[in-house]
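Each reported figure results from applying straightforward, stated rules to the coordinates on display, with no laboratory input. The structure presented is a predicted model; accordingly, all values stated were derived computationally and were not measured. Heads up, the Cβs are rebuilt from the backbone with ideal geometry, glycines too, and the neighbour counts pull from every protein chain shown.
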Amino acid sequence: MVDITLRVNGATRTGSPEVRKTLADFLREDLSLTGTHVGCEHGVCGACTVILDGRAVRSCLMLAVQAAGSDVTTIEGLAADGEMSTLQQAMWDSHSFQCGFCTPGFVMQATAFLGDHPDADERQIREALSGNICRCTGYQSIVEGVLLAAERNRERS
Amino acid sequence: MKLPPVEYEAPTTVAEAVGLLAERADEASVLAGGQSLIPLLALRLARPELLIDINGIAGLSGVSAADGQVRIGATTREYVAEESRTVADAVPLLAAALPLIGHEAIRSRGTIGGSLAHADPAAELPAVARALDAEFVVRGPSGTRVIPAAEWFEGYLTTARQPDELLVEVRFPAAGPGTGVSFEEVARRHGDFAIVGLATSLVLTGGVISDARLAFAGLSDVPVRAGAAEDLLAGERPSAELFDEAARRAVQDADPPGDLHGSADYRKTVAAAVVRRGLRAAAGNAAGGGN
């Protein structure tokens, strides 16, 4: 066990995970933040994507102890006050999910990407989402949702 | 799968890390970005007793240019190199290859040194390092060694680094005027490992190829230079016929592996195709003056 302190969704959190525990399992089991989904557990599916110090990362490909001192945002951090983010609303409006298992990963990946690339076009969005696997939608509605969010962000600014 | 139980040390200096390696070399793995090592642990393909996490070592990360070289610290994240102006200007072949590594979230954590020390022969960075004759700086109990790329890659996931040595820096030569580059790869899906990849760097001097470098990924258990094609190209003017002949020579002695992603014959056909594509693209951007 190693004692760690980190920021998660704006709050300071502490824990004592085993070394072998991934950040994904620490978020889910120790902090009860089960919105981060664990799919393949070896970095292929993207379901466990969270934002770590401003960058999208696979939370199954790092140890919880490595996140000590970091600032982590999970899906639970996006609508903290009950109001969905622009991206979440746009994905809702575009029917960007079916079973929903992959959705948190897509939302976190797209949140990080749109933050850095507000003017992204469809090709860039498809590229950015290429590391996330969805077995239901065929991706079209997900891409449409992210494009709609980018458009709404631009209209607002 | 969940990771197996493992011990963990997070040294804060290179000396401390080398000390740990000297003590526990045979049972330790060095953890940098973890984008290859953590899956190996999850799949039980690697079973180290100890992880030596080098992410907290100050001074092991960063990009700098000096003496005609670009020096990249081992723990420099791939996205940092991808966004580096120095890399884009001075090592355009590396800049061309970086966006093809895995996916964005992988490049957030993955490191230049980690990928090159892991030495997957199908990965992009080993081919780039081999094409450019990069140098590998390792630190061990008896001091520092500089290992040329031609000697670094010894076999599948195997390098010249000794178990008690730590890779601390990789040095790439800065590209001169008239350099054109390209990284071509064929994969089933974007972000997958290449069935065949090719790093190409050409220098055009007065319309003539004065230096040609081609290194394949995915054709062998190490990245391999296409020496016969390089010899043919040197001193010639770019043309479609020349590139066709270079493609033929590049693959004539190749003996690629066959697996479920492609048979040996298919890999040779793809390899010839990426040579033609790579040479066209590299000659085009060398002649155009930009990269």
Could you derive backbone 3J(HN,Hα) for region B:150-159 from the dihedral phi with the Karplus parameters 6.51, -1.76 and 1.60 (θ = phi - 60°), listing whole Hz in sequence and x where the residue is Gly or Pro? 4, 9, 5, 8, 9, x, 4, 6, 10, 10
Among A:His117, B:His103, what is the fewest-to-most ranking by other Cβ atoms within 10 Å? A:His117, B:His103
Could you tell me which of B:Pro148, B:Leu214, B:Gly288 has its Cα farthest along the dipole of region B:147-291 towards the positive end, charges placed at Cβ (Lys, Arg +1; Asp, Glu -1), taken about the Cα centre? B:Gly288
Give me B:Val168, A:Val38 ranked fewest to most by other Cβ atoms within 10 Å of their Cβ, as a rough exposure proxy. A:Val38, B:Val168
Can you pull the mean other chain C-beta count within 10 Å for peptide A:19-25? 4
Everything considered on the Cα gyration tensor (a ≥ b ≥ c; rounded for a/c under 1.5, else prolate if a/b is larger than b/c, else oblate), the protein assembly as shown must be described as oblate
Count, for each residue of A:54-67, the Cβ atoms from other chains sitting within 10 Å of its Cβ, then give me the mean as a whole number. 6
To the nearest whole number, what is the average tally of beta carbon atoms from other chains within 10 Å of the beta carbons of peptide A:72-81? 0
Using packing as a proxy for protection, rank B:130-141, A:40-51 so that the peptide with the highest average count of other Cβ atoms within 10 Å comes first. A:40-51, B:130-141
What is the order of B:Leu125, B:Leu166, fewest Cβ neighbours within 10 Å to most? B:Leu166, B:Leu125
So, over other residues within a Cβ distance under 11 Å of A:Asn9, counting Lys, Arg +1 and Asp, Glu -1, the net charge is 0
Comparing B:Glu241, B:Glu184, B:Glu83, which has the greatest mean-square fluctuation in the GNM of chain B with Cα pairs linked when under 10 Å apart? B:Glu241
